[in-house]
1. Given the structure, is ASP265 closer than 21 Å to ARG312 by Cα and over 27 Å from the mean Cα position of the chain (by Cα)?
2. Provide a single number: the residues in the range 26-70 that are assigned to a strand (DSSP E or B) and of a type in the set (A, V, I, L, M).
3. Considering only residues that are closer than 19 Å to GLY87 by Cβ, out of contact with any Asp or Glu (no Cβ under 7 Å at 6 or more places or on another chain) and hydrophobic (A, V, I, L, M, F, W, C), which ones fall in the range 148-176?
4. Filter the range 270-282 down to residues that are within 21 Å of ALA240 (Cβ to Cβ) and either in contact with a strand residue (DSSP E or B) (Cβ under 7 Å, 6 or more places away or on another chain) or part of a strand (DSSP E or B) (or both), then give me how many there are.
5. Within the range 204-236, track down each residue that is of a type in the set (A, V, I, L, M) and either modelled with pLDDT under 95 or closer than 18 Å to VAL159 by Cβ (or both).
6. Within the range 228-269, track down each residue that is under 25 Å from ALA175 (Cα atoms), in contact with a strand residue (DSSP E or B) (Cβ under 7 Å, 6 or more places away or on another chain) and of a type in the set (A, V, I, L, M, F, W, C).
7. Scan the range 106-121 for residues that are more than 11 Å from the ligand (Cβ to nearest atom) and under 22 Å from MET70 (Cβ atoms) and jot them down.
8. What number of residues within the range 128-174 satisfy the criterion of being under 19 Å from THR59 (Cα atoms) and of a type in the set (Lys, Arg)?
Amino acid sequence: MPSAKSLYELLLSMGIKEEIARGFLEVPREYFVFERELLWQIYSDSVVITYEDEEVHTTSSQPSLMAQFMEELGIKEGSKILEIGGGTGYNAAVMAKIVGETGLVVSIEYNKKIYDLGKKALERAGINNVIFLNKDGFEGEEKYAPYDAILSAVGVDFVPKNWFEQLKEGGRLIAPLNVKSSTFYQPTLLFWKENGWIYAKQRFATSFIKAGGKLGNLAEKVYEMYHSLKCENFLEFPMAFESMGIVEVLSAAVSRFGVEFLFADGKGKAKYSSEFWRGCGDLNRLSNIINELEKNDYPNLSKVLLKFDLNRENFRIFREGF
Ligand code: SAH
């Protein structure tokens, strides 16, 4: 009979560490599924739709991928973790088992209906070290900060500064990014905080539900800023398309509209086509990024280490093999 034990054994056979796999052994995944799924599906290593109606839908992510995220984050007994995109609570429950009674998981789900189901499921599973919150994950949760680790289980258009601020020195953060220059996948980046700087490196090519609220809708924001800024000076910078993902991550101010990319950060605006950015206003931020890219021969996001400050004003790009 498929059970948490069979999933646990599968994860071990895939090379997942016992301390992490154990969390999956201790949580009945079926408690968190509100759709008619079969047990063999629930305990297979796959994404499971946990709730769906005409308005909303949420899924429990693939267990082995979540396990790898947890390994990247180095979570262990006693860790304090922030999860964004709580869904119906399964992943939060698994992490709660791993961190144990001396640790804590704070998990944020912004949809009220999904949140209510998650709250119930966590209670039913007898999990008491998860603080489950119903709000927009953009804010993070200041009250229990700083965190050893932050895990986003939802694809975000950018990582908000709040999360970096709420991360412990030496802490790690993992997040799938809705990079618009990649139509095939979302790069999942691992970020870490060292001497006040943030470092980032791509770790996985993934496909998550895209965030709504303040963690999504970047295209709308960029579009509005682009069209509301009136400026006349004309500026032009060449840039190889390969590096667009890096500009998206470092600026958090780029989005895609059909075949064009727009940049708008409230100070300047630019449009990308035929390997050139053309725009006006104060484009220092964009041109600084492009200078760094040029120095490094226009690398691809998957091949670099990024280093930047919390305001994303100072940054460096290092090619792999740095
Ligand atoms: N960790 C969950 C999987 C979550 S799927 C589990 O184990 O089941 C992603 C979830 O992120 C969805 O439930 C979605 O409603 C939620 N979400 C989307 N945008 C959000 C936002 N801005 N803040 C918080 N949660 C968000």
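The values are calculated or read from the model by the stated rules, or taken from the named source; none is laboratory data. Note that the structure is a prediction, hence the values are computed from the model and not measured. Quick reminder, even Gly has a Cβ in these numbers, built from the backbone with ideal geometry, and neighbours come from all protein chains shown.
1. Taking the combined requirement at face value, the residue does not satisfy it.
2. Here the count works out to 2.
3. Matches in the range 148-176: ALA149, ILE150, VAL154, VAL156, TRP163, LEU173, ALA175.
4. 9
5. Listed by number, the residues that qualify are ALA205, ILE209, ALA211, LEU215, LEU218, ALA219, VAL222.
6. Selection gives MET244, ILE246, VAL247, VAL249, LEU250, ALA253, VAL254, PHE261, LEU262, PHE263.
7. The one that is more than 11 Å from the ligand (Cβ to nearest atom) and under 22 Å from MET70 (Cβ atoms): VAL106.
8. Residues meeting the conditions: 1.
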